[in-house]
1. What trypsin sites (Lys or Arg not before Pro) in the range 67-108 are in a loop by DSSP, with at most 13 other Cβ atoms within 10 Å of the Cβ?
2. Less than 10 Å Cβ to Cβ from residue 30, Lys/Arg counted +1 and Asp/Glu -1: what total charge do the surrounding residues give?
3. If the limit is 20 Å between Cα atoms, which of 79/100; 158/255; 146/262; 99/214; 79/99; 99/146 go over it?
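Only the coordinates and a few stated rules stand behind these numbers; no lab work does. Given the structure is predicted, the values throughout are model-derived calculations rather than measurements. Cβ coordinates were reconstructed from backbone atoms using ideal geometry, including for glycine residues, and neighbour counts include every protein chain displayed.
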Amino acid sequence: MMRSVVHIVFFFSFLIVKGQESHDSVVFATPLEREVLSARDSISDPLLFLMVYDPNLDSTGYLIVRDELNAFTDRLNRKRSQFKSDVNFIRYVFRKVHKKYLHQYIRYGSFNELFYSGNYNCLSGTALYAYILNDLGFEIRIFETKYHSFLTVNAQGKPELLIEATDLWNGLVEGNNQVLSRIAEYQRREGDVKFGADTLLLIQHPLLTHIQLKELAALHYFNLAVVAFNNALYSNSLCYLKKAETLYPDSQRIKDLIIYAKDYAQFSMTESLSPKNSNAINNTYNQKRK
């Protein structure tokens, strides 16, 4: 019996599987990616995990971006003494980051586009703010929900600020009660999201999970896997997912999609599958908040 093809939603894909390779094999985009993911437990710079997916990136290119980003953060920090409170300073940082890097929201995009074109989405914008604010010494917490990612800035154990990267005008929420209210609003909205009959949902989406930057990088790989999957590049999708799993081994979302990708990669070897006939596996981290 002919099976429907599964289709998903996320950013760009590059071809990384050649010939009749094992579906469990992992083909690295560059030697740098191989080195970083192989030594993941001993690498302290989360920016590496966010950037190394790019087949055009080498260590020189990474250092150029890192040094420019660190210089930008240093310039922000030199202004810090001019502000009467951390809240006022973070307001300044929020605006400056948007002006410098976050120029055009796109639903599907990759992290490094921030630096080359100014294109961003909720995941890449959250990752950038998290990296900069962490470098500035703030206590941050990154969250994934069913269909979104965002971060909070904590003080005395409470989330006193929330940063929504995709909303320049209302994306900085101030005060513990207001932050908790915004998070509750996200969850209410996600509970009301409706999908068409041609959409296949991954069941184990987290309601609200605190994650680290390395795990956010894993979700970036997950998004790349979704795009490949939607284009019927199932072996490519599986390769991205294996990389995601190395960075975020506890993610049920990643584990579930690995099962689908293996299934469809095997099936595609014996049947003619077209993405035009496929269901859509809905994904989550590209929603712009208003």
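1. Filter output for the range 67-108: 79, 84, 107.
2. Working: positive: 34; negative: 33, 35, 54, 58.
In short, -3.
3. As for pairs spanning more than 20 Å Cα to Cα, those are 158/255; 146/262; 99/214; 99/146.
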